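Read the figures in this text as sums done on the coordinates, not as results from a lab. Because the structure is a prediction, the values reported are computed rather than measured. So basically every Cβ, Gly included, is an ideal-geometry build from the backbone, and we count neighbours across all protein chains shown.
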């Protein structure tokens, strides 16, 4: 059981005084105490499954590929590229974002287990790989969409995970109307999906504990969501520095899987 605090300053002083072992005990106590826990995750959740993040030294944006060297990484995943230079867009997309055969790691599985036990209200993810669902999680809000779904830009017919990646056309086309089929991914220059983002806000506003994992909160949408949290405990798990650490009760600069799997 976490002790009661006479002030916010006393609370901060207590958590800052904990050593690593005490922090892990405190995390378990927080989980015992809280009844509405939400997880907000980024690319670092999936790196242990072999999916590179974007901005680290081994990230996708630092990958050396002569075919795409003339383009800025952000452009290659933008709506401008999709509609103005679709052959380049789909070549890059197929080469770098095929996650169909990637398997969930221990963090995905632990979060699914927590939801099944009634300890986790939901997951908000910036990832487009579908690994949370593959691990068994049900309430997953994909605020950047999914690489495993696609639809025709004109007739809106929906297609499954194989359609774009298995298409022999440089630009995949809809068999129904002959127009382009695009992935249901939120690209640079596009707005977030209303339903997922709205659900994410409600989850965070109702949470008494928010866990932020695998994200530096550099992307404005994730940071904006994090600032919607006004519950009791904020926990951050990320190997690198993360914005909002000064507001967090517990901060772990470790593997997400390692920290989550120590929760009883």
- What does the chain give for Rg and for Dmax, in Å, if only its C-alpha atoms count? 19.8, 66
- Message: Viscosity 1.002 mPa s, temperature 20 °C: what is the translational diffusion coefficient of segment 25-153 from Stokes-Einstein with a Kirkwood Rh over Cα pairs, rounded to a whole number of µm²/s?
- Response: 131 µm²/s
- Quickly estimate the mean residue ellipticity at 222 nm for the chain, helices only: each DSSP H run with n ≥ 4 gives -39500 (n - 2.57), and the total goes over all residues, rounded to 500. -9000 deg cm²/dmol
- Message: How long are the semi-axes of the equivalent ellipsoid of segment 74-126, taking √(5λ) for every eigenvalue λ of the Cα gyration tensor, in whole Å from largest down?
- Response: 34, 14, 7
- Message: At R0 = 35 Å, how high is the FRET efficiency between residue 33 and residue 195 if r is their beta carbon distance? Nearest 0.05 is fine.
- Response: 0.70
- Note on the structure: Taking only the Cα positions of segment 134-225, the convex hull volume per residue in Å³ is 141 Å³
- Potential extension, residue 171-residue 232 segment - 0.36 nm per residue separation minus Cα distance: 17.1 nm
- Item | Rg over Rh, two decimals, segment 19-96 (C-alpha only, Kirkwood Rh) | 1.22
- Message: Calculate the FRET efficiency for residue 91 and residue 155 from the Cβ-Cβ distance with a Förster distance of 25 Å, rounded to the nearest 0.05.
- Response: 0.55
- Task: With a Förster radius of 30 Å, plug the Cβ-Cβ distance of residue 9 and residue 253 into 1/(1 + (r/R0)^6) and report the FRET value to the nearest 0.05.
- Result: 0.80
- Message: Nearest 10 degrees is fine. How inclined is helix 194-206 to the longest principal axis of the chain, computing both from alpha carbons?
- Response: 0 degrees
